[in-house]
Amino acid sequence: MRLNPAILSLLVAAVVGLLLLAGSGAIAQPQHGHDSDGQQQHHHEHVADALIAFRGADDASGAFEDRTQATSGATTGDWLVLLASNEAIQSKHIQTLWQDVASRLWQRINVATVAADEMPETAARLQHTAGSHQVLLLRFGRAFRYRGKMEADALVDFATKHYASAAQFVIPEPPSMLHKLQHAIVTNIRIYVVEPLQHSSTSTVAIYAGVGCFAVLGLVVATCSRSASRRPHSKQH
């Protein structure tokens, strides 16, 4: 059986074309594991970003409240947080555990650590006991206490299913600047006035009392003057 020369030419051209395409790499070769490896690396990069670490500077600046919106939970979602000393948080066991938890809760619940010994204001608001490990789920202005084992499976189950049956409390608002100022004044009066008076003679007590009266009077006058200056002046016709 003889092939038509035209058909034979077409077959030869097709074979040559396929060989040229294969040599240039236009035909995709099977890749073993590259796609899955790339996806896994991409996932781990996001997990590393998902685990948030709050340190001392985040207390005074208000960054913790701004980011978590702990008293409202308006837009940032739920937060699973670990409160402990910074030394404990930096341990290999805790880091490995919380990276695992963050990986499992990625894109569902925010995961964070709080250095309670560096953030006394936040630790007080979240009712942390010094020297302890405390896990809370912050959700819509409330904190739910975790009482189980420090294991990834149990922590994930708590954050996603069982938190509603846990003990809870309303998270108080961060103290205002006025409250902080009042606290500082009271603390300084106790340290520099009250305590020295307890160990002083009668004449010294009188001196301290006089200085204290003048100081209080000065504050009252300054406050009244500032209030008066802020009042709108009446128009004279």
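The values are calculated or read from the model by the stated rules, or taken from the named source; none is laboratory data. Since this is a predicted model, take the numbers as computed values, not measurements. Counting neighbours? That spans all protein chains shown, and the Cβs are built from the backbone with ideal geometry, glycine included.
The figures follow:
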read-out: Candidates Ala130, Ala159, Ala154 - the one that is more than 15 Å from the chain's Cα centre (by Cα), more than 16 Å from Gln69 (Cα to Cα), at pLDDT below 95 and among the hydrophobic types (A, V, I, L, M, F, W, C); value: Ala130
read-out: Tally of residues being among the hydrophobic types (A, V, I, L, M, F, W, C), out of contact with any strand residue (DSSP E or B) (no Cβ under 8 Å at 6 or more places or on another chain) and either within 17 Å of Pro172 (Cα to Cα) or at pLDDT 85 or above (or both) across the stretch 29-76; value: 3
read-out: Cβ pairs under 6 Å, 6+ apart, first in the stretch 47-69 and assigned by TED's automatic domain parsing to the domain that holds Ala88, second modelled with pLDDT under 85 and not in a helix (DSSP H, G or I); value: Glu65/Pro174
read-out: Positions within the stretch 77-105 being under 19 Å from Gln168 (Cβ atoms) and free of Cβ contacts under 8 Å to residues at least 40 places away in the same chain, in sequence order; value: Gly77
